[in-house]
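What follows is one structure encoded as structure tokens, with my remarks underneath.
The values are calculated or read from the model by the stated rules, or taken from the named source; none is laboratory data. Just so it is clear, the model here is predicted, and its values are computed rather than measured. For neighbour counting, all protein chains shown are included, and Cβ atoms are generated from backbone atoms with ideal geometry for every residue, glycine included. With ligands, DNA and RNA removed, areas are computed over all heavy atoms of the protein, side chains included. Shrake-Rupley method; radii C 1.70, N 1.55, O 1.52, S 1.80 Å.
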Amino acid sequence: MELDERSFRKALGSFASGVTVVTATDADGAPVGVTVSAFSSLSLTPPLILFCLDRRNKALDAYGKGHFVVNILREDQRQASIQFASKVDDKWKGIAYTTNEHGVRMIENSLAQMECSVHEVLDGGDHLIIIGKVEKIECQTGGQPLLYFRGAYADLGEGV
């Protein structure tokens, strides 16, 4: 297979990933959020995570400083994933949330929420690699993750 953008995307799509929505506030204090599947743990000590964000994201500046929250979505939160991946004006319409002490919205009923401060921002080609230091976590019991595989949402199936 030739290495071009299309074949590279196809190969990357063969790696199933969980779906997150990363939320923050912009310089004016307005809530922002973006669907992210390029998310990973990085270090246990100190507790660090990372996510990658396209440089063309309109709210890019909101994620490079201050605080953000990683909301790990449940399988029944597909609509939230779709909304935050879209270009609609009000991505929060119909989304239940709470707000943390830093003014960042957290999506209710997510499998887990990690409240983070920006630790470091690195160059990643057409993306930025944002490393966050995890300051607080909230985990739900039960529920299945929202998964993305080969360009579509997937599920673990029964009995898992």
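Run the numbers for ARG78 and LEU42: contour at 0.36 nm per residue of separation, minus the present Cα-Cα distance, in nm. Walk me through the numbers on the way to the answer.
Values: separation 36, 0.36 × 36 = 12.96 nm, distance 2.57 nm.
Length gained between ARG78 and LEU42: 10.4 nm.
Computed packing ranks the peptides 19-26, 92-99 as 19-26, 92-99, most packed first, by mean other Cβ atoms within 10 Å.
In the chain, carbon and sulfur make up what percent of the accessible area (probe 1.4 Å)?
Values: 5100 of 9760 Å².
So the carbon and sulfur contribution to the accessible surface is 52 percent.
Once divided by 2.2 N^0.38 Å, the Cα radius of gyration of the stretch 115-160 becomes 1.68.
Which log10 I(q)/I(0) values does the stretch 1-91 give at q = 0.20, 0.24, 0.26 Å⁻¹ under the Debye formula, counting every alpha carbon as one identical point scatterer? One equal scatterer on each Cα of the stretch 1-91 leads to -1.09, -1.32, -1.40.
Averaged per residue, the stretch 57-135 has 53 square angstrom of accessible surface, using a 1.4 angstrom probe with ligands and nucleic acids left out.
Solvent-free Debye calculation, one equal scatterer per alpha-carbon of the stretch 5-160: log10 I(q)/I(0) at 0.13, 0.16, 0.18 Å⁻¹ equals -0.58, -0.91, -1.16.
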